[in-house]
Amino acid sequence: MATYVFETPIVREGPSGGHRLFEFYKLNVGISIVKDNGTYRQVRYLTDEDLRSYQEVYLGGNKHVVDEATRAALIAGDVDVTADNFTEQ
């Protein structure tokens, strides 16, 4: 069975600082994907208490190793995850 590296979706946010030159620069911010009661959803801000309450957590901005079944479930989960978010190992 193949395994994949999953990179969570990102959004571009800016400006990245207070100086006027920072208005031209945007940061990539990872969005976390969680599974709660059998349903996947996007979460922007997590606390430590939240992490324990979810069935699965894929922290934004990180790489996660998943199997084929999880890959298919994430793509079908309607959380802006596509095959482009995965790299086969």
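Odds and ends about this structure:
- Test result for Gly30, small (Gly, Ala, Ser), surrounded by 15 or more Cβ atoms within 10 Å (Cβ to Cβ) and at pLDDT below 95: yes
- Residue within the range 32-44 that is in a loop (DSSP other than H, G, I, E, B), touching a residue at least 40 places away in the same chain (Cβ under 8 Å) and either under 25 Å from Thr3 (Cβ atoms) or β-branched (Val, Ile, Thr) (or both) present: no
- Cβ pairs under 9 Å, 6+ apart, first in the range 5-26 and without any contact (Cβ under 8 Å) to a residue 40 or more places away in the chain and surrounded by 14 or more Cβ atoms within 10 Å (Cβ to Cβ), second among the polar types (S, T, N, Q) and assigned to a strand (DSSP E or B): Val11/Asn28
- Of residues in the range 48-62 being within 21 Å of Ile10 (Cβ to Cβ) and either hydrophobic (A, V, I, L, M, F, W, C) or exposed (fewer than 14 other Cβ atoms within 10 Å of the Cβ) (or both), the one farthest from the chain's Cα centre (by Cα): Leu51
- Residue match in the range 70-78 (condition: of a type in the set (S, T, N, Q), outside any strand (DSSP E or B), in contact with a strand residue (DSSP E or B) (Cβ under 9 Å, 6 or more places away or on another chain) and surrounded by 15 or more Cβ atoms within 10 Å (Cβ to Cβ)): yes
The values are calculated or read from the model by the stated rules, or taken from the named source; none is laboratory data. Small disclaimer: the values here were computed from a predicted structure and weren't measured. Positions of Cβ are backbone-derived with ideal geometry, glycine not excepted, and every protein chain shown enters the neighbour counts.
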